[in-house]
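Reviewing the structure listed below.
The values are calculated or read from the model by the stated rules, or taken from the named source; none is laboratory data. Computed from a predicted structure; not experimentally measured. Heads up, the Cβs are rebuilt from the backbone with ideal geometry, glycines too, and the neighbour counts pull from every protein chain shown. For accessibility, only protein heavy atoms count, side chains too; no ligands or nucleic acids. Shrake-Rupley method; radii C 1.70, N 1.55, O 1.52, S 1.80 Å.
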Amino acid sequence: LLAQISVDLIGSSSVRLPGDCVLMRASDTSKPPYVARVEAIEAAGSRGTNVRVRVRWYYRPEESMGGRRPFHGAKEVFLSDHYDVQSADTIEGKCNVHSFRSYTKLDSVNAEDFFCRFEYKSATGSFVPDRIAVFCKCEMPYNPDDLMIQCEECSDWFHPSCIGMTIKDAKKLEHFFCQSCTAENGKMAENSHEATAQSEEKQVESKRRRR
Ligand SMILES: [Zn+2]
Ligand SMILES: [Zn+2]
């Protein structure tokens, strides 16, 4: 029976089971709202008053033991093993916690859009999965907020800044072959891709000089 109760929020949206994600007002109002997944709704009062919700918290990177790292996205949250019971009154509204893949495919990211690619163990500060693919010369996991360009030979992704390129110039590239692919393959070093890369670099330099 409890599973069928929904909490009517200010406005039109209501929170339903299972697994709706919500923003909950922080007691310190200078902080952004907490992100949580509603696990169960418990109506304590007889007339639907004092509705309490059992939630599973999402942690923001700065709330985790390791803190925010460069590869964490602005809208990244970790599904924690930290459960709580909260008053439904603190629910500010619904939000969407996307998978990493679906987040990267969003046409536009709104205030209520987040993504989650890690579970977080709050007691030990450890993550599941504890290993993640890394890219670029800097060997960093992918931060979906950062533009990266893909090498057409090895398929690795690179930050423009890590290969001495501006974001503006990287966006203009029609083809890209990374340094190690052009170096490893002698034939390729002589071909037009290398020439293209060199002329791109010259363009970047001349633009810099002009400024
Ligand atoms: Zn990099
Ligand atoms: Zn490559």
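What the table below lists for this structure:
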| read-out | value |
| --- | --- |
| List V97, V22, ordered by accessible area with a 1.4 Å probe, largest first | V97, V22 |
| Whole-Hz couplings from phi, Karplus 6.51/-1.76/1.60, listed for segment 72-82; x for Gly and Pro | 6, x, 4, 10, 7, 9, 10, 6, 8, 9, 9 |
| Spacing of the two label points (7 Å from each Cα toward its C-beta) at S87 and E42, in nm | 1.6 |
| Long-range HN-HN contacts of E153 with modeled amide H, under 5 Å | C178 |
| Where labels lie 7 Å past Cα in the beta-carbon direction, separation of E139 and E112 in nm | 4.2 |
| Residues with amide H under 5 Å from that of E39, placed H, sequence gap 5 or more | R54, V55, R56 |
| Using a Förster distance of 35 Å, the FRET efficiency for D28-T166 (Cβ separation, nearest 0.05) | 0.35 |
